[in-house]
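Below you'll find the structure, written out as structure tokens, and then a few comments.
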Amino acid sequence: MKARTLYDKIWQAHLLKQRDDGMALIYIDRHLIHEVTSPQAFEGLRMAGRKPWRTDANFATPDHNIPTTSEERSQGLAGIKDPVSKLQVKTLDENCKEFSIFELEMNDERQGVVHVVGPEQGATLPGMTIVCGDSHTSTHGALGALAHGIGTSEVEHVLATQCLMQKKMKNMLVQVNGQLSTGVTAKDVVLAIIGQIGTAGGTGYTIEFGGQAIQEMSVEGRMTVCNMAIEAGARAGLVAVDDTTLEYIEGRPFAPTGALWEQAAANWRGLVSDEAAEFDRVIELQAEDIAPQVTWGTSPEMVAPVDGLIPDPIQEQDATRRGNIQQALDYMGLEGGTPIQDIKLDCIFIGSCTNSRIEDLRGAARVVEGKQLAENIELALVVPGSGLIKKQAEVEGLDQIFVSAGLQWREPGCSMCLAMNADQLGPGKHCASTSNRNFEGRQGFRGRTHLVSPAMAAAAAIHGHFVDVRDLV
Amino acid sequence: MRSFSIEKGVVMPLDRANVDTDFIIPKQFLKSIRRSGFGVNLFDEHRYLDRGEPDADNSQRPLNPEFVLNQPRYQGATILLARDNFGCGSSREHAPWALEDYGFRAILAPSYADIFFNNCFKNGLLPIVLDRELIASLFEAVAHTEGYQLEVDLSQQKVVKPDGSSLDFEVDPFRRNCLLNGLDDISLTLEDAAQIEAFETRWRDQAPWFFNSPNPQQST
Ligand code: SF4
């Protein structure tokens, strides 16, 4: 048989029908649902008199709109002050009841950001096809699942048919060779990759991440990398299955047990690209060359190492690119040529499906332990990715470390990653954020986002401006 | 879905690369549980000078006269001319809903983000890919000629310029057919229901671990 990539293997296993016109029907194993992109799909289903094809393939949780203060959360739905948000969360609850779909409701201890909770519950398994009406579904590829975001029409399509109409993507391999330096994390790796290939570099591809640095990462770190595959333009990111993957999954509620586990694990071990498999595009990076990264502009590709400078538009030859840099700097209120470490901050956000897992919180807590928030920091939020992570962090005393340092410890949700709830970045304010998008207005109207790793955000919280975490460790 | 065959209309240029879905429709409008009415909030953060809210009376809000959508010469535009990587960011279908609801029927750009591109076809909106140089020349033509119009002909796969010359474009035959006939994907797929069932039965056998659903609701 022809050598195949991991992507080829999962695709072929799920290929239900290849149409002459290039489209294919792909069977979907897991459909994740949140409140924002599903109401219109359920409504469509009802209007057409249809039912979900396979109820038990669906898994829902609200995350985008929900408040993150304990006080509001303790009141349940009534605690959501914005009536529009409340209706959306309530609609999800009602739709899940009506169609018998498994849901971790807002105040279930296991609730959280859907991309954090899916793997945590074992609802994400290697070799699965996974979709969700959310572009960061790419996260789940860290476990060797083919996972990507879909639009609401497709949410309805998957609900009704358990299939997706798709065209096969091309194969890209991003190889990160060597070992990361101390203080450099998965977040820095993926930002460096995006800095190199650009936000459209992966368009039309599924990216497999490999190489020593990826192999040595925890599943959590791999999730951070795959999470941002979409920021490089790729709908799906993948990491090959290995012992780390299997150890992560074993014993999780949705994972198989006993003889079925043995059978599954044996099968999953084959979820790697064949050695001779050909990729349409290969990118290589040296882990040693990667410094902690900070974005300075309004697109994740506008990124620089922490010891670098904000680019000067005057030095840019290409007129379009010069214009883009200028536009971004104007929005960010920054001057070209300024050292990254001179960027002053007003807010800190540690959370989101990119960086809100336990090792992220540990990394941030290590940096702030025994220190105090800088005076110029007005708001610093730590938002765990799920209720279970929150609980674990509290067992380890991380919440106390954050609170003593002056940061706020919140309830799980998307929070200021996209600011659909009350957690918003003010106009003109600079935020060091562990999330994945720095688009204009992403974290709040006219807000200015700098994407960084949890340790970098924590260090910025203490110093009030960016500092190189490598100098602290 | 609304069908699409020929669209002739005024072209509005949006001269920036990497226009993301937050730019197209800011997140506060995603709280709606409906799929219509997003047109008045298309490009909200650039079109108005204040911050938009889902329940606001948009007719009372201060407009940004600089923003292209508010310029008299582009009123009633139905064709959007854009730059690279249009529609990047989130998977929100609210972006094509807002464009379609405002009145756009076709987009011309050198490249699109994958999910957005896909979402357009599900909503009667035609995203056309043209060479970067052709797009650049169209930007110039639009700037020079007030009321510049183009005709987009999907069945012929042509964009016809005012002087009668035309630009060919590629479109996936499946999507073209769906758009021309306003076909609903779900009904199409359900024609294969027997095949889906057969696949599922076989798959259940081959990969039973994917069908292993304990009831975690009770397992806390
Ligand atoms: S945390 Fe942010 S990126 Fe992740 S699902 Fe929520 S809003 Fe989207």
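All of the numbers you see were taken from the coordinates with simple rules; none came from a lab. Computed from a prediction, not measured in an experiment: that's the story for all the values here. Backbone-built Cβ (ideal geometry, glycine too); neighbour counts: all protein chains shown.
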- line: The answer for A:Gln111, listing residues at least 5 apart or on another chain whose modeled amide H is closer than 5 Å to its amide H, is A:Gly387
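Taking R0 as 41 Å, what's the FRET efficiency between A:Arg362 and A:Arg46 from their Cβ-Cβ distance, rounded to 0.05?
On the way: r = 45 Å, r/R0 = 1.09.
Working from the Cβ atoms, E equals 0.35.
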task: Indicate the gyration tensor shape class of the protein assembly as shown (rounded, prolate or oblate), computed on the Cα atoms with a ≥ b ≥ c the square roots of the eigenvalues: a/c under 1.5 is rounded; otherwise a/b larger than b/c is prolate and the rest oblate.
output: rounded
query: Tell me, what HN-Hα J-couplings in whole Hz come from the Karplus equation 6.51 cos²θ - 1.76 cosθ + 1.60 at θ = phi - 60° for each residue of the range B:148-155, using x for Gly and Pro?
result: 4, 10, 10, 10, 9, 10, 6, 5
- line: Measuring from its Cα centre, the range A:31-98 shows a charge dipole (+1 at each Lys and Arg Cβ, -1 at each Asp and Glu Cβ) which, in debye to the nearest 20, is 260 debye
field: Cα shape, the range A:99-200, gyration tensor, a/c 1.5 rule
entry: oblate
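Report, in debye and to the nearest 20, how large the dipole of the range B:3-102 comes out about its Cα centre when Lys and Arg carry +1 and Asp and Glu carry -1 on their Cβ. Walk me through the numbers before you get to the answer.
Numbers: 12 positive and 15 negative charges, 26 e Å.
The dipole magnitude comes to about 120 debye.
Share of antiparallel DSSP beta bridges in chain A, in percent to the nearest 5?
Working: 13 of 53 bridges.
Given both bridge residues lie in chain A, the antiparallel proportion sits at roughly 25 percent.
For A:Asp289, B:Asp184, what's the fewest-to-most ordering of other Cβ within 10 Å of each Cβ? Don't jump to the answer; show the numbers that get you there.
Values: A:Asp289 12, B:Asp184 17.
Result, fewest neighbours first: A:Asp289, B:Asp184.
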statement: Rounded to one decimal in nm, the spacing of the 7 Å Cα→Cβ label points at B:Leu63 and A:Asp108 is 4.8 nm
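Sort B:Lys161, B:Lys27 so that the residue with the fewest other Cβ atoms within 10 Å of its own Cβ comes first and the one with the most comes last. Walk me through the intermediate numbers first.
Details: B:Lys161 16, B:Lys27 22.
Fewest to most other Cβ atoms nearby, the residues stand as B:Lys161, B:Lys27.
Just counting partner chain Cβ atoms within 10 Å, what average do the residues of peptide A:452-465 show around their Cβ? Present the calculation step by step, with values, prior to reporting the outcome.
Working: counts 0, 0, 0, 0, 0, 0, 0, 0, 0, 0, 0, 0, 0, 0.
Mean partner-chain Cβ count within 10 Å for A:452-465: 0.
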- prompt: Which of A:Tyr331, A:Gly297, B:Ser3 sits farthest toward the positive end of the charge dipole of the protein assembly as shown, with +1 on the Cβ of Lys and Arg and -1 on the Cβ of Asp and Glu?
  reply: B:Ser3
statement: Within the range A:200-295, DSSP-loop GluC sites (Glu not before Pro) with at most 10 other C-beta atoms within 10 Å are A:Glu275
task: Among A:Thr69, A:Gly79, A:Thr137, flag the residue with its Cα farthest along the positive direction of the charge dipole of the range A:56-170, charges on Cβ as +1 for Lys/Arg and -1 for Asp/Glu.
output: A:Thr137
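What is the fewest-to-most order of B:Lys122, A:Lys2 by other Cβ atoms lying within 10 Å of their Cβ? Please report the intermediate quantities before stating the final value.
Numbers: B:Lys122 23, A:Lys2 8.
In order of increasing Cβ crowding within 10 Å: A:Lys2, B:Lys122.
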- prompt: From the residues A:Ser181, A:His465, A:Met23, which one has its Cα farthest along the dipole of chain A in the positive direction, the dipole being from +1 and -1 charges on Cβ of Lys/Arg and Asp/Glu about the Cα centre?
  reply: A:Met23
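In debye, nearest 20: dipole of chain A around its Cα centre with unit charges on the Cβ of K, R (+) and D, E (-)? Intermediate values should be presented prior to the final figure.
Values: 41 positive and 61 negative charges, 219 e Å.
Using Cβ point charges on Lys, Arg, Asp and Glu, chain A gives about 1060 debye.
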statement: Under the Karplus relation with 6.51, -1.76 and 1.60 and θ = phi - 60°, whole-Hz ³J(HN,Hα) for the range A:303-314, x at Gly and Pro, equal 9, 9, x, 4, 8, x, 10, 6, x, 9, x, 4
